Amino acid sequence: MASNARPRVLSGMRPTGKLHLGNYMGALANWVKLQDDYECYFFIADWHALTTDYADTSKVKTNIEEVALDWLGAGLDPEKCVLFLQSKVPEHGKLFLLFSMITPLSWLERVPTYKEQQENLTGKDLTTYGFLGYPLLQAADILLYQPEFVPVGQDQVVHVELTREIARRFNFFYPKPLGDHAPGQSGDARILETVLPEPKVLLTPSPKLPGTDGRKMSKSYGNTIQLTDSEAEVRQKLKTMVTDPARVRRTDPGDPDKCPVGDLHKVFSSSDKLLEVYEGCRTAGIGCIQCKGWAADSLVQILAPIQERRARFTASQAIEIIEEGSIRARRRAAETMREVDDAMQMPIG
Ligand code: TRP
Ligand code: SF4
């Protein structure tokens, strides 16, 4: 089958609700490109949402819907890739459990995000077993699909590193039975010598994307431009955006390299427009209001097709697509689990 000749990739996202331009540039836009050249599995990590939000699960369901709709709007195509929901593929839980048997606690305690997050998310009690196990569940998410690559941003690299260590440990304890031809693997371009090959990071190039307050665009800062923001909302948000502090008066020259609006132009505006921005800002030939108007024009141009595509789906259609994808994902996950059970000499099933 032609689709099996393409290298496989897997990635996931927690259901944090409506996605913003930072999520789009940092992950989604890249996934959309990958779907033409790779066999792609993309999933919504709803169990991972519970690791921090277990005390209030009231938003998980709508957040899943919003993320699914944003994915479709961004151009992920269920004909080209498998879009699914973690909790609809119980094999994630099973592999997580098996991994928990072989993983020394110290490996999890030394993951830098563990202590960092405990310190940052002070409103939540994160002394739970599930929170410690976050990266182990992520390792199960990944290895279950035997992917060659995991497209993620820099912040997830340590988790993929741990995943590789878990795979190595698993393969050491449970080598592939000799002479075994894994069922269902016949069309795979790779000859898998281990049950769980170590996947590689496919680092997503992520341009610096500031939010309206000049800090990194992030939901927790409340400084985002969402993929669903209307033109009026985008223009309004841009108006309040911080600029180069050196430009106090209209007649003061500024520097787009020291201005968050300048950073937006660098990512979203044409090179001609960018030249105009540099020239106009440095000579005080343009005002910030005009410059922000241009930035808003560029953003609206990016967002319009996303919103148009998103509007073609209802929430229940989006969920249906994710459910169908989950059936396909489950079929693929079950293949790996058969190999896992076989290597562990556990009853198959
Ligand atoms: N931890 C990832 C994040 O916060 C989400 C995630 C869960 C993931 N499982 C994954 C990403 C598996 C890649 C592969 O963004
Ligand atoms: Fe920033 Fe544009 Fe104002 Fe220059 S003109 S300071 S780039 S908003």
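What value, in deg cm²/dmol to 500, does the helix sum -39500 (n - 2.57) over DSSP H runs of n ≥ 4 give at 222 nm once divided by the residues of the chain?
On the way: 15 runs with 172 residues, N = 349.
Calculated from helices alone, the mean residue ellipticity at 222 nm is -15000 deg cm²/dmol.
At 0.36 nm per residue, and after removing the present C-alpha to C-alpha distance, how many nm does the segment from Thr113 to Met344 gain when stretched out fully?
Here the segment from Thr113 to Met344 would lengthen by 80.1 nm.
Pairing the Cα long axis of helix 271-282 with the longest principal axis of the chain, what angle in degrees results, from 0 to 90 and rounded to the nearest 10?
50 degrees
Working out 0.36 nm times the residue gap between Lys273 and Arg168, then minus their Cα-Cα distance, what length gain in nm do you get to one decimal?
Fully extending the segment from Lys273 to Arg168 adds 32.8 nm.
By how many nm would the segment from Arg282 to Thr314 grow when fully extended, if each residue of separation counts as 0.36 nm and the alpha-carbon distance is taken off?
Result for the pair: 6.9 nm of gain on full extension.
What whole number of Å gives the distance from the Cα centroid of segment 40-59 to the Cα centroid of segment 268-323?
Here the answer is 29 Å between Cα centres.
Ignoring GluC sites (Glu not before Pro) that are buried or in helix or strand per DSSP, and keeping those with at most 14 other beta carbon atoms within 10 Å, what is the longest stretch of the chain between them?
Answer - 194-349.
I'd like the FRET efficiency for Asp252 and Asn120, computed as 1/(1 + (r/R0)^6) with the beta carbon distance as r and R0 of 45 Å, rounded to 0.05. Walk me through the numbers on the way to the answer.
Numbers: r = 37 Å, r/R0 = 0.82.
Efficiency, from the Cβ-Cβ distance: 0.75.
Among rounded, prolate and oblate, which fits segment 229-308 when a ≥ b ≥ c are the square roots of the eigenvalues of its C-alpha gyration tensor, a/c under 1.5 means rounded, and a/b larger than b/c means prolate?
It is prolate, given that a/c is not under 1.5 and a/b is the larger ratio.
I need the chymotrypsin sites (Phe, Trp or Tyr not before Pro) found in segment 36-105, filtered to DSSP loop residues with at most 15 other beta carbons within 10 Å of theirs.
Within segment 36-105, the qualifying chymotrypsin sites (Phe, Trp or Tyr not before Pro) (loop, at most 15 other Cβ atoms within 10 Å) are Tyr54.
Label points 7 Å out from Cα along the Cβ direction at Glu323 and Glu161: separation in nm?
Once both label points are built, they end up 4.2 nm from each other.
Per the Kirkwood formula on distinct C-alpha pairs, the Rh of segment 259-343 is how many angstrom?
16.9 Å
With a 4.7 Å Cβ cut-off, tell me which Cys residues in the chain come up empty for a partner.
Taking the Cβ cut-off of 4.7 Å, the unpaired cysteines of the chain are Cys259, Cys281, Cys288, Cys291.
With each label point set 7 Å from Cα along the Cα-Cβ vector, what nm distance links Asp77 and Ser230?
3.1 nm
From the residues Val152, Ser270, Gln117, which one has its Cα farthest along the dipole of the chain in the positive direction, the dipole being from +1 and -1 charges on Cβ of Lys/Arg and Asp/Glu about the Cα centre?
The residue sitting most towards the positive pole is Ser270.
So what's the Cα pair-distance distribution over the chain, bin width 10 Å, in %?
Histogram of Cα-Cα distances, whole percents per bin: 5, 23, 29, 23, 13, 6, 2, 0.
Since every read-out is calculated from the coordinates, none of them should be taken as a lab result. Treat the numbers as computed from the prediction; the structure is a model and nothing was measured. Cβ coordinates were reconstructed from backbone atoms using ideal geometry, including for glycine residues, and neighbour counts include every protein chain displayed.
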